[in-house]
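Chemist: A single structure is presented below for examination.
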Amino acid sequence: MVQKTAIKHYQMYIGGEFVDPSNSEYIESTNPATGEIWAYIPKGGKEDVDRAFKAARQCYESEEWSSLSPTKRGKLLRKLAEALEKNAEHLARTETQDNGKLYKEMLGQMMIIPSWYEYYAGLADKVEGTVIPLDRQSVFNYTLREPLGVVACITAWNSPLLIATFKMAAALAAGNTIVLKPSEFTSASSLEFARIFNEVGFPPGTLNVVTGYGHSVGDIISKHSLANKVTFTGGPETGRKVAVNAASNLTGVTLELGGKSPNIVFADANLDAAEAGVISGIFAASGQTCIAGSRLFVERSIADEFIDSLVRRAKEIRLGNPMSPDTQMGPAATPAQLMKIEKYVNIATDEGARVLAGGERPCDPELSKGLFYLPTILGNVRNSMRIAQEEVFGPVLSVMTFDTEEEVVKLANDSEFGLAAGIWTNDLNRSHRMARALEAGTVWVNTYRTSAPGSPFGGYKNSGLGREMGIDAIYDFMQTKSVLVELSDEIRDPFTVRTLN
Ligand code: NAD
């Protein structure tokens, strides 16, 4: 069903050159829709990581990069945005082959990625310091915002280039250089990105892409002494390891982690819009998104009708070749991910949940070679059950009911996670009350799964640390220097401290 192509051999990108891994070892990359190996990805090691950091540091200190004005950095980022736009289809095809997500979903992502580079290109020359008003007027105190140095970016497999872009656009605009490590399961698009980046005119070493396994390359990167910041997207367990590694060098971290997001439907909502929002929240991208609305809370008075309709719709979702425009849901990205989905559905039914839709692999022989799982809806779920508390990262929706606003706020917030939440209501006052009460980094009202470069994104509680996107994100890749200049000729008593206020 997916066209056979020759197996591709990728190289890493270090210091402006495409290079083989020092150990000459490779990882097979498998197409999750067909089970076929389609690419070999370099399996990097310590030597490669060291080379990448040295190249990034050398570039950071070079005249070519350090004296490049913010305006010129912005121009390069705009050029990169244009080049990415031209290559959107190729990049989307690469990601679909690698992670099995729908081509139309990946193309949509590739078409919006340039706007992140444009947004931060526009910010690059608008970073300002401040003048501090002091009582002692002979002292002139001002601040400078300076880049951090080398930023290590470690990314997850589900939307590799979009996730990397959230990090790299702001980090580059701030004047840093980069070592990027994509997931071992979906490294190809980051290496294709490197080819495009290489043509744009950044000095060699501005971006370095090292591929390989998380437990080796990722571990070495997150504790590397030349990393001035580690920005990570992935699971909470790995996030903790990365934070501990970075702490060994007192390196700052940003962590974008998992979620168990509530999608809350009140009886007064536009129920057709709510149904589409619930479906999009959990079944688009086969539920393999950090913001998946995996816990559905429906107001009891409309629950039976709403859930019946949702179940009917879930059963009609078309699984198949992710390259086909008719397909609505692709496969899981890896065998391990498929097994995790099956494990959690079993745990849920053992704990008393009832399968209302799906709950198994499809029996269609056309799909037998791919890692497909049916869109699954579970009823009879309590919020304390593991299926409602732990992230599945697959097309599995837990359905619960509620009677009052207070009750649903408590249930929604009863989670270790706090990445996102959806509210469906036509009551304006309630929508704002709920938005304040929910412990989540993003709250959507009468919409779900939308984002923009200017809108801050990140998690409460175990969903993360720090924010990406928006104006403030550029400052997360900078440090502030305070400069104090004595303008009088006064000679000080060297043995007293002088306060300036
Ligand atoms: P993961 O934690 O297994 O891997 C993420 C990255 O970390 C990969 O590049 C991996 O190679 C690397 N890694 C693994 N072990 C490491 C170690 N010991 N040291 C350093 N790096 C290591 O996550 P995943 O399975 O790739 O992605 C799924 C998870 O990512 C889900 O929990 C999902 O919610 C989360 N996610 C979060 C966001 C967000 O923005 N909040 C976005 C997408 C995905």
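Chemist: With the crude spin-label approximation of a point 7 Å out along Cα→Cβ, what separation in nm comes out for D135 versus V485?
Modeler: In this crude spin-label approximation the distance works out to 2.4 nm.
Chemist: Can I ask one more? For K79 and D308, FRET efficiency with R0 = 41 Å and r from the beta-carbon atoms, rounded to 0.05?
Modeler: With a Förster radius of 41 Å, E is 0.20.
Chemist: Set the Förster radius R0 to 25 Å, insert the Cβ-Cβ distance between I112 and K8 as r into 1/(1 + (r/R0)^6), and round the FRET efficiency to 0.05.
Modeler: Working: r = 26 Å, r/R0 = 1.03.
Between I112 and K8 the formula returns 0.45.
Chemist: Let me ask something else. Compute the distance from the alpha-carbon center of region 253-325 to that of region 134-197, in whole Å.
Modeler: Taking the Cα centre of each part, region 253-325 and region 134-197 sit 32 Å apart.
Chemist: Also, I was wondering about something else. Name the residues whose placed amide hydrogens come within less than 5 Å of the amide hydrogen of V445, ignoring near sequence neighbours (fewer than 5 apart) on the same chain.
Modeler: Sorted by chain and number, the residues that satisfy this are I423.
Chemist: Rounded, prolate or oblate: which fits the chain, taking a ≥ b ≥ c as square roots of the Cα gyration tensor eigenvalues, rounded meaning a/c under 1.5, else prolate when a/b beats b/c? Before the final figure, lay out the partial values.
Modeler: Working: a/c = 2.18, a/b = 1.36, b/c = 1.60.
It comes out oblate by the Cα gyration axes.
Chemist: Hey, what do the phi angles of region 402-409 turn into as Karplus ³J(HN,Hα) couplings, whole Hz, using 6.51/-1.76/1.60 and θ = phi - 60°, x for Gly and Pro?
Modeler: Those phi angles translate into 8, 10, 10, 4, 4, 5, 6, 5 Hz.
Chemist: Can you give me the distance in nm between label points at F18 and K315, each placed 7 Å from the Cα along the Cα-to-Cβ direction?
Modeler: If labels sit at F18 and K315, their model points lie 5.0 nm apart.
Chemist: Same structure again: Taking the highest mean first, how do the peptides 355-366, 174-185, 254-265 order by number of other beta carbon atoms within 10 angstrom per residue?
Modeler: Numbers: 355-366: 15.3, 174-185: 25.3, 254-265: 27.2.
Answer by packing, highest mean first, reads 254-265, 174-185, 355-366.
Chemist: Using only DSSP helix segments of four residues or longer, with each worth -39500 (n - 2.57), what per-residue ellipticity at 222 nm results for the chain after dividing by its residue count and rounding to 500?
Modeler: Working: 16 runs with 187 residues, N = 501.
It comes out at -11500 deg cm²/dmol, rounded to the nearest 500.
Chemist: Let me ask something additional. Please give the Cα centre distance for region 96-132 versus region 358-425, rounded to the nearest Å.
Modeler: 29
Chemist: Now for a separate question. Mind listing the long-range amide H neighbours of T233? Cut-off is under 5 Å, sequence gap 5 or more, other chains count too, H placed in the peptide plane at 1.01 Å from N.
Modeler: Here I154, T155, A156, E256 satisfy the definition.
Chemist: Can you pull the accessible area of L68 for me, 1.4 Å probe, Å² to the nearest 10?
Modeler: 40
Chemist: Using a Förster distance of 56 angstrom, determine the FRET efficiency expected from the C-beta separation of R492 and N249, and round it to 0.05.
Modeler: Numbers: r = 37 Å, r/R0 = 0.66.
Efficiency at R0 = 56 Å is approximately 0.95.
Chemist: Share of antiparallel DSSP beta bridges in region 262-445, in percent to the nearest 5? Intermediate results must be reported in sequence, preceding the final value.
Modeler: On the way: 3 of 23 bridges.
Rounded to the nearest five, the antiparallel share is 15 percent.
Chemist: How much accessible area per residue does the chain have, in Å², with a 1.4 Å probe? Let's see the in-between values first.
Modeler: Values: 21560 Å² over 501 residues.
Per residue, the chain has an accessible area of 43 Å².
Chemist: Suppose we keep just the DSSP beta bridges with both residues in the chain; what percent of those would be antiparallel, to 5? Mind dumping the intermediate values first?
Modeler: Values: 28 of 67 bridges.
So the antiparallel bridges amount to about 40 percent of the total.
Chemist: Carbon and sulfur atoms: what percent of the 1.4 Å accessible area of the chain do they account for?
Modeler: 51
Chemist: A further question on this structure: If N is the number of residues in region 328-486, what value comes out of its Cα radius of gyration divided by 2.2 N^0.38 Å? Intermediate values should be presented prior to the final figure.
Modeler: Values: Rg = 20.1 Å, N = 159, 2.2 N^0.38 = 15.1 Å.
Cα Rg divided by the expected 2.2 N^0.38 Å: 1.33.
The values are calculated or read from the model by the stated rules, or taken from the named source; none is laboratory data. Values in this document were obtained by computation on a predicted structure and should not be read as measured data. Using ideal geometry, Cβ is built from the backbone for each residue, glycine included, and neighbour counts are taken over all protein chains shown. Remember, those area values only see protein heavy atoms, side chains included, never the ligands or the DNA or RNA. Shrake-Rupley method; radii C 1.70, N 1.55, O 1.52, S 1.80 Å.
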